[in-house]
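Notes follow once the structure below has been shown.
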Amino acid sequence: MQRKVENNKQIMQPEQQQDKKSKIPFMGGGDSNNDNKPQRKLPKFNIYWIYIIIFAALLGSTFLKFTPETNTVSEQEVFQKMILPGDVDHLLQVTNKQVVRVFMKPDSITKAWYEERFKMKFEPAKVKGVPLFEFQVVDWKVFSDNLSSFYRNNQIPDNKQVPVVTKQDPDWFGPISSTIFSMVVIVVIWILLMRKMGGGGAGGGAGGIFSIGKSKAQLFDKGTKVNITFADVAGLDEAKVEVMEIVDFLKQPKKYTALGGKIPKGALLVGPPGTGKTLLAKAMAGEAQVPFFSLSGSDFVEMFVGVGASRVRDLFKQAREKAPCIIFIDEIDAIGRARGRNAIMSNDERENTLNQLLVEMDGFGGDSGIIILAATNRPDVLDSALLRPGRFDRQISIDKPDVKGREAIFKVHLAPIKVSETLDIHKLAEQTPGFAGADIANVCNEAALIAARNNKEGVDMKDFQDAIDRVIGGLEKKNKIIAPHEKAIIAYHEAGHAICGWFLEHAYPLLKVTIVPRGTAALGYAQYTPKEQYLYNTDQLMDQICMTLGGRASEEIFFGKISTGASNDLQQITRIAYSMVTVYGMNSKVGNVSFYDPSQENTFTKPYSEETGKLIDNEVRAIIEEAYKRTLTLLTEKKKEVELLAKQLLDKEVLLQSDVEELIGKRPFEEKKILEVENEDTENKSTDGSIDAGVPPYDSKQPVPPLN
C-alpha cells in the first residue's frame with residue numbers, strides 16, 4: 001500500500017532543524033569550526049517605537065510653550081494699578097504677536113501687594129526684568145495714543161514715563177514643528193496605505209508599494225523540503241514517465257547532452273479538474289532537488305498597468321540566479337489566452353504580460369537550466385505562440401484514471417482510514433468509472449464520515465456505496481414529502497429505464513435503481529456500470545437513446561400522460577442525436593461531414609446554410625422518433641416486468657442488481673469484460689436534474705456543437 005499523500009507544507013527533517021538552529025553565520029575571517037557554539041539571540045527591536053517617540057516629540061513641541069509664564073491683564077489695569085504707582089520697569093511691544101508685556105520693578109512688587117491689588121496668588125520674580133503680565137493690542141497707534149493721553153491726564157513728567165521697547169519674538173520653532181508634524185503624519189498614513197496595497201507579494205511587508213512589481217512566486221529549495229514524491233502519485237503512470245525524464249535531466253544533464261540531445265524547455269500539463277496536475281508538480285518539486293518556483297497565473301494580474309510584465313521579468317531574474325531550476329505556473333490560462341481572437345474581450349495588460357512571458361521563455365536571451373512547467377484544464381483557449389516548440393515543447397495529457405488507476409488511487413487514500421477486512425477495493429474501482437483523483441478522495445472521506453456517524457469501528461462496503469451515491473446524486477432526502485401519485489410516476493419512470501437497460505444488448509448493466517430523492521431536484525435515479533471504451537457505433541448509440549427514453553415511454557404507457565420528469569433525459573438524447581448527425585457523420589442524408597470546428601466555437605456564425613440546418617433538424621427528430629417508437633414497443637412487450645419492478649420500488653424504494661435478477665431473471669445478454677484496458681477516459685454515469693439519472697453514451701472527448 002502506498003504512502004499517504006501529505007499536504008504541500010514546508011517541513012524539514014529533525015536533523016535539518018537541529019542543524020539550522022545550531023549554525024552561526026560565518027562573516028569571513030576567524031575560524032568557521034565554531035558552528036556548534038550556542039549564540040545568544042538578540043531581542044527583536046520594534047520599529048514602531050521610533051514612530052511613537054517622533055510623534056510624542058512633535059506633539060510636545062506643538063503644545064508646550066517656551067515663552068516665560070505671564071498673567072493676562074487689561075490695558076486699564078496696567079495704566080492705573082502699575083504705571084501710575086511707578087511699579088513698571090518697562091513695556092515690551094511684541095509686534096509679531098500684537099502683545100504688550102509688562103516688566104515690573106523687582107523692588108516694588110511683593111506677594112502681599114499682588115494679592116491685595118489683583119486678588120490672585122503670586123510668586124515674586126527672582127530675576128530682574130522677567131515679565132509678569134501681558135495684554136493684547138488691536139492697533140499699535142491706538143495704544144500709543146492711549147498711553148500718551150494717560151500721561152497727559154495724570155501729569156506724569158517725561159522722566160517718570162515708562163520706556164517702551166519694540167521687538168519681534170523669535171518664535172520660529174512652533175511653525176516649523178507644526179509643519180514637520182503635519183508632513184510626518186501624512187507620510188506615515190501614506191506608508192501604511194501603500195503597505196496594505198502592496199502587501200502579500202514577494203518582498204512585501206516593509207517594501208509595500210515598492211515591491212508591487214516583484215514576483216509572488218513561492219520558492220522551494222534546500223531549506224523548504226517538499227515531502228511528496230512520485231511514489232505518492234497513483235494512477236498517472238504515463239504522465240510520471242514524461243515528468244521523471246525532466247527530473248532525470250536536471251540530476252544527470254551530461255547523460256543527455258553527451259549525445260547532443262536537448263531537454264524540453266517547457267511542459268504543459270493538460271487534463272480535467274481534479275486529475276492530479278498540481279499534485280504531480282508537487283511531486284516533481286520533491287524529486288528534482290533543485291530550486292522550484294511555484295505560482296498561479298492570476299499572481300501576475302494586478303490593478304496597476306505594467307505590473308504583470310514586471311513580475312514576469314522579476315520571476316525569470318530570480319530563476320536565472322537559482323538555475324538550474326523549475327518554474328511551475330498553475331492555471332496558466334489566466335494570462336495565456338489567445339490574443340486577438342475577440343476584440344471585445346481583449347485586455348492590453350494581460351496581453352502585455354503574455355508577450356513578456358513569451359520573450360522570457362524563448363527570446364534572444366536563450367536561458368539554459370530553466371524549465372517551465374504549467375498546468376491548465378483549458379488548452380483550447382491558449383495562444384498558439386505559447387504552445388509552439390521552443391516554449392512548451394511537450395503537452396502531457398493527464399486523463400481520468402482507468403479501473404487500475406482508480407484502484408491504485410483508492411489504496412493511497414485508504415491508507416489513513418480504518419477499513420473493514422471485507423472491503424473489496426477492486427469492486428470500488430469498478431463502480432466509480434469516470435471518477436478523478438479528487439472525486440475518489442472525496443468518496444473515501446465521505447465513507448469515513450458515514451461510518452463514524454453510524455458508530456462503526458471500521459469503514460465497510462456499505463459505507464462506500466452510500467458515499468458514492470452521495471457524491472453522484474447528492475444528499476439523500478428521506479423526509480421529503482411526495483404525494484402518492486407522484487411517487488408512483490417516479491417508480492414507473494425508473495422501472496422503464498431499468499427494463500430498457502436490462503433487455504437492450506448495448507445498454508449498460510444496471511447497478512442500482514432508487515426512488516429516494518437526492519440533491520436539490522433529483523427525485524430518483526438509476527445507476528449503471530458503464531463500459532470503459534473509446535468508440536461507439538450507431539447501434540450502441542441508438543440503444544443508449546432508447547434506454548434514456550425509457551422513463552418517458554413508461555409514463556405514457558401506464559398513465560397515458562407525460563410529466564416534466566424527463567427533462568434531463570431529453571437534453572441528453574438531443575445532444576447525442578445532434579452529435580451523430582453533425583459531428584460523427586452517422587446520417588445518410590447529411591452525409592459523411594462534420595460541422596464541428598473547435599476554433600469557431602465562440603463565433604455566432606454556423607458552418608452550414610439554412611437549408612442544411614433544416615435538414616439536420618429533421619434528421620435529428622427522425623432519429624429520436626424512431627428510438628421512441630422502438631422504446632414504446634419494447635416496454636409494451638415487457639409491461640408485466642415494468643409493473644412488477646415499479647411495485648417493488650414503491651415497497652422497498654431501493655433495488656440492487658441482485659434484486660432485479662430475482663424479480664425478472666438474469667439479463668439475456670452477457671456482460672463483456674474488457675481485460676487490461678489502459679488509459680480509458682469515459683464518464684458515463686450522471687444524475688438527473690429531476691427524476692432520472694440518464695447515461696450520456698456519446699464520446700465525451702468530442703464537444704457537441706450548439707443546437708440549431
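The values are calculated or read from the model by the stated rules, or taken from the named source; none is laboratory data. Source: prediction; values computed, not measured. Here the Cβ is made from the backbone with ideal geometry for all residues, glycine too, and neighbour counts use every protein chain on show.
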Quiz item: Among the residues of segment 544-561, is there at least one that is modelled with pLDDT of 90 or more, in contact with a Lys or Arg (Cβ under 6 Å, 6 or more places away or on another chain) and in a helix (DSSP H, G or I)?
Solution: yes
Quiz item: So how many residues does segment 377-430 have that are basic (Lys, Arg), out of contact with any Asp or Glu (no Cβ under 7 Å at 6 or more places or on another chain) and under 30 Å from residue 246 (Cβ atoms)?
Solution: 4
Quiz item: Is segment 214-221 home to any residue that is over 24 Å from residue 398 (Cα atoms), at pLDDT 75 or above and not aromatic (Phe, Trp, Tyr)?
Solution: yes
Quiz item: Do you know which residues across segment 250-279 are in contact (Cβ under 8 Å) with a residue 40 or more places away in the chain and under 17 Å from residue 369 (Cβ atoms)?
Solution: 250, 253, 263, 264, 265, 266, 267
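So is residue 568 assigned to a helix (DSSP H, G or I) and in contact with an Asp or Glu (Cβ under 7 Å, 6 or more places away or on another chain) or not? Reasoning before the result, please.
Values: assigned to a helix (DSSP H, G or I): yes; in contact with an Asp or Glu (Cβ under 7 Å, 6 or more places away or on another chain): yes.
Considered against the rule, which asks whether it is assigned to a helix (DSSP H, G or I) and in contact with an Asp or Glu (Cβ under 7 Å, 6 or more places away or on another chain), residue 568 comes out as yes.
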Quiz prompt | Selection within segment 532-559 - surrounded by fewer than 24 Cβ atoms within 10 Å (Cβ to Cβ), farther than 26 Å from residue 588 by Cβ and not charged (D, E, K, R) | solution = 557, 558, 559
Practice problem: Restrict the check to segment 527-537 and report whether at least one residue is at pLDDT 85 or above, of a type in the set (S, T, N, Q) and assigned to a helix (DSSP H, G or I). | Solution: no
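Being surrounded by 18 or more Cβ atoms within 10 Å (Cβ to Cβ), closer than 14 Å to residue 219 by Cα and under 24 Å from the mean Cα position of the chain (by Cα) narrows it down to one of 280, 268, 315, so name that one. Please lay out each step first, then the result.
Numbers: 280 fails: closer than 14 Å to residue 219 by Cα; 268 fails: closer than 14 Å to residue 219 by Cα.
Exactly one of 280, 268, 315 is surrounded by 18 or more Cβ atoms within 10 Å (Cβ to Cβ), closer than 14 Å to residue 219 by Cα and under 24 Å from the mean Cα position of the chain (by Cα), namely 315.
Could you pull out the residue among 545, 472, 481 that is closer than 30 Å to residue 583 by Cα, out of contact with any helix residue (DSSP H, G or I) (no Cβ under 8 Å at 6 or more places or on another chain) and not polar (S, T, N, Q)?
Exactly one residue qualifies, and that residue is 472.
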Quiz item: Looking only at residues in segment 86-99 that are assigned to a loop (DSSP other than H, G, I, E, B) and out of contact with any Ser or Thr (no Cβ under 8 Å at 6 or more places or on another chain), which one is modelled with the highest pLDDT?
Solution: 98
Practice problem: Please list, ordered by first then second residue, the pairs with beta carbon atoms under 7 Å, 6 or more apart or interchain, first in segment 617-639 and within 12 Å of residue 556 (Cα to Cα), second among the small types (Gly, Ala, Ser) and surrounded by 20 or more Cβ atoms within 10 Å (Cβ to Cβ). | Solution: 628/553; 631/550; 631/553; 632/553; 635/496; 635/550; 635/553; 635/554
Quiz item: From the set of residues in segment 337-359 that are touching a strand residue (DSSP E or B) at 6+ places or on another chain (Cβ under 9 Å) and at pLDDT 85 or above, which is nearest to residue 248 (Cα to Cα)?
Solution: 357
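Quick grid of which residues meet (1) buried (at least 20 other Cβ atoms within 10 Å of the Cβ); (2) closer than 21 Å to residue 228 by Cα; (3) touching a Pro at 6+ places or on another chain (Cβ under 9 Å):
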{"residue": "402", "(1), (2), (3)": "yes, no, yes"}
{"residue": "425", "(1), (2), (3)": "no, no, no"}
{"residue": "451", "(1), (2), (3)": "yes, no, no"}
{"residue": "456", "(1), (2), (3)": "no, no, no"}
{"residue": "477", "(1), (2), (3)": "no, no, yes"}
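Run down 167, 196, 160, 141 and say which single residue is surrounded by fewer than 12 Cβ atoms within 10 Å (Cβ to Cβ), touching a Gly at 6+ places or on another chain (Cβ under 9 Å) and at pLDDT 70 or above.
Numbers: 167 fails: touching a Gly at 6+ places or on another chain (Cβ under 9 Å); 196 fails: at pLDDT 70 or above; 141 fails: touching a Gly at 6+ places or on another chain (Cβ under 9 Å).
Only one candidate qualifies: 160.
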Exercise. Identify, by number, the condition in (1) under 23 Å from residue 533 (Cα atoms); (2) touching a Lys or Arg at 6+ places or on another chain (Cβ under 8 Å); (3) not in a helix (DSSP H, G or I) that residue 457 doesn't meet.
Key: (1)
Quiz item: What number of residues within segment 505-521 satisfy the criterion of being surrounded by fewer than 22 Cβ atoms within 10 Å (Cβ to Cβ) and closer than 30 Å to residue 669 by Cα?
Solution: 6
Exercise. Please enumerate the residues belonging to segment 233-257 that are in contact with a helix residue (DSSP H, G or I) (Cβ under 9 Å, 6 or more places away or on another chain) and either buried (at least 18 other Cβ atoms within 10 Å of the Cβ) or closer than 19 Å to residue 407 by Cα (or both).
Key: 233, 234, 235, 236, 237, 239, 240, 243, 246, 247, 249, 250
